[in-house]
2 protein chains.
Amino acid sequence: MLTPVNLASQFDDVTELWSPKVVGRVNDQYVKVARVHGEFVWHSHEEEDELFLVVRGSLRIQLEDGDVTVGAGEFVVVPRGVRHNPVAAEECWVMLIETVTTKHTGEVTSERTRTIEEQLGEGVR
Amino acid sequence: MLTPVNLASQFDDVTELWSPKVVGRVNDQYVKVARVHGEFVWHSHEEEDELFLVVRGSLRIQLEDGDVTVGAGEFVVVPRGVRHNPVAAEECWVMLIETVTTKHTGEVTSERTRTIEEQLGEGVR
(Lines give C-alpha, C1' and ligand atoms only; values in the text may rest on other atoms or scores of the structure.)
Protein backbone atom coordinates (compact mmCIF):
# COMPACT_ATOMS: atom_id res chain seq x y z
CA MET A 1 0.00 0.00 0.00
CA LEU A 2 1.29 3.45 -0.86
CA THR A 3 1.33 6.24 1.71
CA PRO A 4 0.85 9.86 0.62
CA VAL A 5 3.53 12.32 1.67
CA ASN A 6 2.35 15.68 3.01
CA LEU A 7 4.82 18.12 1.54
CA ALA A 8 4.53 20.89 4.15
CA SER A 9 4.85 18.39 7.01
CA GLN A 10 8.20 17.25 5.67
CA PHE A 11 9.72 20.55 6.79
CA ASP A 12 8.69 19.99 10.41
CA ASP A 13 11.68 17.94 11.38
CA VAL A 14 14.19 19.86 9.29
CA THR A 15 16.11 21.92 11.79
CA GLU A 16 19.28 22.75 9.89
CA LEU A 17 19.24 25.38 7.18
CA TRP A 18 20.51 24.53 3.67
CA SER A 19 20.52 20.82 4.48
CA PRO A 20 18.33 19.02 1.92
CA LYS A 21 16.26 16.03 3.03
CA VAL A 22 15.20 13.39 0.53
CA VAL A 23 11.43 12.80 0.84
CA GLY A 24 10.77 10.79 -2.30
CA ARG A 25 12.13 9.38 -5.50
CA VAL A 26 10.59 9.22 -8.95
CA ASN A 27 12.66 7.37 -11.53
CA ASP A 28 16.23 8.75 -11.36
CA GLN A 29 15.21 11.93 -9.55
CA TYR A 30 15.09 12.69 -5.86
CA VAL A 31 12.39 14.90 -4.38
CA LYS A 32 14.00 16.90 -1.57
CA VAL A 33 12.92 19.58 0.86
CA ALA A 34 15.11 22.27 2.36
CA ARG A 35 14.70 25.20 4.70
CA VAL A 36 16.89 28.04 3.55
CA HIS A 37 17.73 31.49 4.88
CA GLY A 38 20.60 33.74 3.91
CA GLU A 39 22.95 32.97 1.05
CA PHE A 40 24.07 29.58 -0.24
CA VAL A 41 27.14 29.25 -2.47
CA TRP A 42 27.75 29.87 -6.17
CA HIS A 43 27.90 26.56 -8.04
CA SER A 44 26.70 24.71 -11.10
CA HIS A 45 25.89 21.14 -12.11
CA GLU A 46 27.47 20.43 -15.48
CA GLU A 47 25.18 17.58 -16.49
CA GLU A 48 22.06 18.10 -14.43
CA ASP A 49 19.07 20.45 -14.30
CA GLU A 50 17.66 21.39 -10.89
CA LEU A 51 14.03 22.28 -10.14
CA PHE A 52 13.16 24.65 -7.28
CA LEU A 53 9.50 24.80 -6.16
CA VAL A 54 8.88 27.32 -3.39
CA VAL A 55 6.42 26.03 -0.78
CA ARG A 56 6.65 28.98 1.62
CA GLY A 57 8.34 32.36 1.42
CA SER A 58 10.37 33.59 -1.51
CA LEU A 59 13.67 32.51 -3.05
CA ARG A 60 15.96 34.69 -5.10
CA ILE A 61 18.27 32.77 -7.37
CA GLN A 62 21.29 34.76 -8.45
CA LEU A 63 22.39 33.98 -12.00
CA GLU A 64 25.28 35.42 -13.93
CA ASP A 65 22.88 37.35 -16.18
CA GLY A 66 20.59 38.58 -13.38
CA ASP A 67 18.41 37.34 -10.57
CA VAL A 68 15.13 35.45 -10.66
CA THR A 69 12.74 35.61 -7.73
CA VAL A 70 10.55 32.57 -7.14
CA GLY A 71 7.47 33.04 -4.94
CA ALA A 72 5.35 30.52 -3.07
CA GLY A 73 3.59 28.19 -5.49
CA GLU A 74 6.09 28.92 -8.24
CA PHE A 75 8.88 26.81 -9.66
CA VAL A 76 11.89 27.38 -11.85
CA VAL A 77 14.31 24.98 -13.49
CA VAL A 78 17.97 25.97 -13.47
CA PRO A 79 19.40 24.31 -16.57
CA ARG A 80 22.57 22.22 -16.43
CA GLY A 81 25.77 24.21 -16.61
CA VAL A 82 24.21 27.46 -15.38
CA ARG A 83 26.01 28.94 -12.37
CA HIS A 84 23.57 29.96 -9.67
CA ASN A 85 23.39 30.96 -6.03
CA PRO A 86 20.15 30.74 -4.03
CA VAL A 87 19.51 33.55 -1.55
CA ALA A 88 16.60 33.97 0.87
CA ALA A 89 16.18 37.24 2.74
CA GLU A 90 13.74 35.50 5.07
CA GLU A 91 13.30 31.82 5.79
CA CYS A 92 12.03 29.97 2.75
CA TRP A 93 10.81 26.39 2.28
CA VAL A 94 11.74 24.85 -1.01
CA MET A 95 11.09 21.53 -2.74
CA LEU A 96 13.86 20.39 -5.07
CA ILE A 97 13.88 17.86 -7.86
CA GLU A 98 17.28 16.73 -8.98
CA THR A 99 19.03 13.67 -10.36
CA VAL A 100 20.04 11.15 -7.70
CA THR A 101 23.70 11.74 -8.55
CA THR A 102 23.50 15.54 -8.27
CA LYS A 103 25.79 17.11 -5.68
CA HIS A 104 23.80 19.97 -4.20
CA THR A 105 26.80 22.29 -4.12
CA GLY A 106 28.01 21.10 -7.53
CA GLU A 107 31.77 20.70 -7.72
CA VAL A 108 32.18 23.22 -4.93
CA THR A 109 32.79 21.77 -1.48
CA SER A 110 31.85 24.12 1.33
CA GLU A 111 30.79 23.91 4.94
CA ARG A 112 27.27 23.61 3.52
CA THR A 113 28.02 20.47 1.52
CA ARG A 114 26.02 17.44 2.68
CA THR A 115 26.60 13.91 1.43
CA ILE A 116 23.69 12.05 -0.09
CA GLU A 117 23.72 9.76 2.95
CA GLU A 118 23.15 12.83 5.12
CA GLN A 119 20.27 13.89 2.87
CA LEU A 120 18.56 10.51 2.72
CA GLY A 121 15.64 9.96 5.03
CA GLU A 122 14.26 6.59 5.93
CA GLY A 123 12.16 4.63 3.54
CA VAL A 124 13.40 6.11 0.29
CA ARG A 125 15.13 3.65 -2.00
CA MET B 1 16.94 34.89 -17.92
CA LEU B 2 14.73 32.30 -16.29
CA THR B 3 11.02 32.86 -15.74
CA PRO B 4 9.26 31.31 -12.75
CA VAL B 5 6.19 29.19 -13.48
CA ASN B 6 3.17 29.72 -11.23
CA LEU B 7 1.84 26.22 -10.73
CA ALA B 8 -1.81 27.07 -10.00
CA SER B 9 -1.97 29.44 -12.99
CA GLN B 10 -1.01 26.61 -15.31
CA PHE B 11 -4.45 25.09 -14.80
CA ASP B 12 -6.21 28.22 -16.05
CA ASP B 13 -6.04 27.36 -19.72
CA VAL B 14 -6.59 23.64 -19.29
CA THR B 15 -10.15 23.09 -20.39
CA GLU B 16 -10.18 19.37 -21.15
CA LEU B 17 -10.27 16.85 -18.32
CA TRP B 18 -7.62 14.10 -18.15
CA SER B 19 -5.50 15.83 -20.78
CA PRO B 20 -2.03 16.46 -19.30
CA LYS B 21 -0.18 19.62 -20.24
CA VAL B 22 3.61 19.78 -20.05
CA VAL B 23 4.65 22.87 -18.05
CA GLY B 24 8.31 22.13 -17.46
CA ARG B 25 11.13 19.68 -17.82
CA VAL B 26 13.88 18.74 -15.38
CA ASN B 27 16.44 16.30 -16.75
CA ASP B 28 14.57 13.39 -18.35
CA GLN B 29 11.31 14.14 -16.54
CA TYR B 30 8.36 16.22 -17.61
CA VAL B 31 6.38 18.29 -15.12
CA LYS B 32 2.74 18.17 -16.21
CA VAL B 33 -0.54 19.50 -14.91
CA ALA B 34 -3.95 17.94 -15.39
CA ARG B 35 -7.51 18.65 -14.35
CA VAL B 36 -9.26 15.42 -13.58
CA HIS B 37 -12.80 14.44 -12.62
CA GLY B 38 -14.40 11.03 -12.70
CA GLU B 39 -12.48 7.86 -13.47
CA PHE B 40 -9.45 7.45 -15.73
CA VAL B 41 -8.43 4.00 -16.96
CA TRP B 42 -6.55 1.09 -15.37
CA HIS B 43 -2.98 0.98 -16.67
CA SER B 44 0.65 0.61 -15.67
CA HIS B 45 4.06 1.78 -16.85
CA GLU B 46 6.44 -1.15 -16.88
CA GLU B 47 9.66 0.86 -16.65
CA GLU B 48 8.60 4.18 -15.16
CA ASP B 49 7.50 5.57 -11.80
CA GLU B 50 4.88 8.34 -11.80
CA LEU B 51 4.55 11.09 -9.18
CA PHE B 52 1.15 12.65 -8.40
CA LEU B 53 1.12 15.90 -6.40
CA VAL B 54 -2.39 17.17 -5.67
CA VAL B 55 -2.66 20.95 -5.97
CA ARG B 56 -6.41 21.26 -5.38
CA GLY B 57 -9.07 18.77 -4.36
CA SER B 58 -8.47 15.12 -3.66
CA LEU B 59 -7.39 12.18 -5.82
CA ARG B 60 -8.12 8.56 -5.12
CA ILE B 61 -5.74 6.16 -6.82
CA GLN B 62 -7.12 2.68 -7.14
CA LEU B 63 -4.46 0.00 -6.77
CA GLU B 64 -4.84 -3.75 -6.97
CA ASP B 65 -4.21 -4.06 -3.22
CA GLY B 66 -6.45 -1.16 -2.19
CA ASP B 67 -6.93 2.55 -2.73
CA VAL B 68 -4.78 5.49 -1.67
CA THR B 69 -6.32 8.95 -1.28
CA VAL B 70 -4.06 11.91 -1.93
CA GLY B 71 -5.16 15.28 -0.58
CA ALA B 72 -4.11 18.81 -1.53
CA GLY B 73 -0.46 19.39 -0.73
CA GLU B 74 0.29 15.67 -0.72
CA PHE B 75 2.12 13.53 -3.24
CA VAL B 76 2.50 9.85 -3.92
CA VAL B 77 4.77 7.93 -6.27
CA VAL B 78 3.23 4.99 -8.09
CA PRO B 79 6.16 2.63 -8.70
CA ARG B 80 6.87 1.18 -12.11
CA GLY B 81 4.86 -1.90 -12.94
CA VAL B 82 2.05 -1.16 -10.47
CA ARG B 83 -1.40 -1.12 -12.07
CA HIS B 84 -3.38 1.92 -11.02
CA ASN B 85 -6.46 3.92 -11.89
CA PRO B 86 -6.92 7.55 -10.76
CA VAL B 87 -10.42 8.54 -9.72
CA ALA B 88 -11.68 11.96 -8.59
CA ALA B 89 -15.17 12.28 -7.14
CA GLU B 90 -14.93 16.05 -7.62
CA GLU B 91 -12.67 18.06 -9.88
CA CYS B 92 -9.05 17.74 -8.83
CA TRP B 93 -5.91 19.55 -9.99
CA VAL B 94 -2.82 17.41 -10.11
CA MET B 95 0.84 17.96 -10.94
CA LEU B 96 2.58 14.94 -12.44
CA ILE B 97 6.24 14.09 -12.78
CA GLU B 98 7.03 11.37 -15.23
CA THR B 99 9.75 10.32 -17.65
CA VAL B 100 9.56 12.06 -21.01
CA THR B 101 8.90 8.73 -22.71
CA THR B 102 6.04 7.75 -20.38
CA LYS B 103 2.70 7.14 -22.07
CA HIS B 104 0.10 8.50 -19.68
CA THR B 105 -2.27 5.62 -20.27
CA GLY B 106 0.56 3.06 -20.30
CA GLU B 107 0.15 0.39 -22.94
CA VAL B 108 -3.60 0.94 -22.90
CA THR B 109 -4.97 3.09 -25.71
CA SER B 110 -8.30 4.67 -24.90
CA GLU B 111 -10.31 7.69 -25.90
CA ARG B 112 -8.38 9.45 -23.13
CA THR B 113 -4.96 8.77 -24.66
CA ARG B 114 -3.13 11.95 -25.68
CA THR B 115 0.10 11.97 -27.68
CA ILE B 116 3.10 13.77 -26.22
CA GLU B 117 2.71 16.39 -28.95
CA GLU B 118 -0.80 17.06 -27.66
CA GLN B 119 0.57 17.39 -24.12
CA LEU B 120 3.46 19.67 -24.97
CA GLY B 121 2.96 23.36 -24.39
CA GLU B 122 5.08 26.07 -25.91
CA GLY B 123 8.56 26.79 -24.68
CA VAL B 124 9.36 23.41 -23.19
CA ARG B 125 12.26 21.64 -24.82
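The values are calculated or read from the model by the stated rules, or taken from the named source; none is laboratory data. Because the structure is predicted, anything quoted here is derived from the model rather than measured. Cβ sites come from the backbone with ideal geometry, for glycine too, and all protein chains shown count toward neighbours. Keep in mind that these areas ignore ligands, DNA and RNA; they rest on the heavy atoms of the full protein, side chains included. Shrake-Rupley method; radii C 1.70, N 1.55, O 1.52, S 1.80 Å.
For region A:63-101, the tally of residues that are more than 21 Å from B:VAL23 (Cβ to Cβ) and open to solvent by 40 Å² or more (accessible area, probe 1.4 Å) stands at 8.
Within region A:38-60, the only residue that satisfies the criterion of being more than 26 Å from B:GLN10 (Cα to Cα), open to solvent by 40 Å² or more (accessible area, probe 1.4 Å) and within 11 Å of chain B (Cβ to nearest Cβ) is A:GLU47. When region A:66-100 is filtered for residues that are of a type in the set (S, T, N, Q) and touching a residue at least 60 places away in the same chain (Cβ under 8 Å), only A:THR99 remains. Each residue in region B:1-21 was checked for being within 25 Å of A:ASN27 (Cα to Cα) and touching a Gly at 6+ places or on another chain (Cβ under 9 Å), and 8 of them qualify.
In region B:22-37, the qualifying residues are those that are open to solvent by 30 Å² or more (accessible area, probe 1.4 Å) and more than 16 Å from A:VAL26 (Cβ to Cβ), and the one that is farthest from the other protein chains (Cβ to nearest Cβ) is B:HIS37. Residues of region B:61-99 that are closer than 13 Å to B:TRP42 by Cα, more than 11 Å from every other protein chain (Cβ to nearest Cβ) and under 14 Å from the mean Cα position of the chain (by Cα): B:ASN85, B:PRO86, B:VAL87.
Of all residues in region B:102-114, those being surrounded by fewer than 14 Cβ atoms within 10 Å (Cβ to Cβ) and small (Gly, Ala, Ser) number 1. Among all positions in region B:2-13, there is no residue which is open to solvent by 10 Å² or more (accessible area, probe 1.4 Å) and of a type in the set (Phe, Trp, Tyr).
Do any strands (runs of 3 or more DSSP E) entirely within region A:24-65 hold 3 or more residues that are within 14 Å of A:ILE97 (Cα to Cα), and if so, which? Walk me through how you get there before you give the answer.
Values: elements: A:29-39, A:50-56, A:58-63.
Where strands (runs of 3 or more DSSP E) fall fully within region A:24-65 and carry at least 3 residues being within 14 Å of A:ILE97 (Cα to Cα), they are A:29-39, A:50-56.
Of all the residues in region B:5-21, those that are of a type in the set (Gly, Ala, Ser) and within 13 Å of another protein chain (Cβ to nearest Cβ) number 2.
Criterion applied to A:THR15, A:THR3, A:THR113 was being assigned to a loop (DSSP other than H, G, I, E, B) and closer than 29 Å to B:HIS84 by Cβ, and the one residue passing it is A:THR3.
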